[in-house]
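Throughout, read-outs are computed from the coordinates displayed, never taken from laboratory work. Because the structure is predicted, anything quoted here is derived from the model rather than measured. Don't worry about glycine lacking a Cβ; one is built from the backbone with ideal geometry, like all the others, and counts go over all protein chains shown.
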């Protein structure tokens, strides 16, 4: 992982507070919101193989086996290795393309099987696939959040919507960021190109520093709800 040793202390502190949601403008006006989604991943290999074969043929089954092999190999590995290798796997196996090109839709949140089967996806698809994989490896949901950000392009002031996956060792820890546009997992304070807006996982949704629930996340995030439904049908619980 990238070392933050050279980061200015005051800049680092501001960045950490930003990523923890303190002082960040609330996008949805709420804080932690609970859902009924199960806390852990559970993969039905037979159903997944059937789904991949039906939709993507032998090539789909082959890439599924590579994913399952990765999971088996990483069980029991240290967290740093799991984060790095899961990040690398999907960044290599999935080519970035816009949803309109892949799915003929303006915004589609793909399941891991769909992303691997097509061999293509956008930032939400990378984040979802990495999140599901790390859950299956036994990392608690409470330590993982998909984070919507505004990403600055190069040295310009131009920004675009983007999603990354954050790993939080503790609720108040600075997250480590897994990103399809960055080769290495790095601390959030080093990602000065990203401005977090809100984050969510299978158990809640965070915006700003509030702890009051003001919205139903499944209602707010219908694409996440739809992706969860498709994952269940494909054998990802």
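A few remarks follow.
- Inter-centroid distance (Cα atoms) of segment 103-117 relative to segment 131-185, Å: 19 Å
- In nm, spacing of pseudo-spin labels at residue 152 and residue 65 (7 Å Cα→C-beta vector): 4.7 nm
- Distance in nm between pseudo-label sites at residue 42 and residue 232 (7 Å out along the Cβ direction from Cα): 1.3 nm
- Directionally averaged shadow of segment 97-237, computed from the convex hull of its alpha-carbon atoms, nm²: 9.2 nm²
- The peptide list 79-90, 151-162, 126-137, put in order of mean Cβ contacts within 10 Å with the highest first, becomes 126-137, 79-90, 151-162.
- Only Cα sites of segment 96-144 enter the Debye sum here, all with the same form factor; the resulting log10 I(q)/I(0) across q = 0.13, 0.25 1/Å is -0.31, -0.84, listed in q order.
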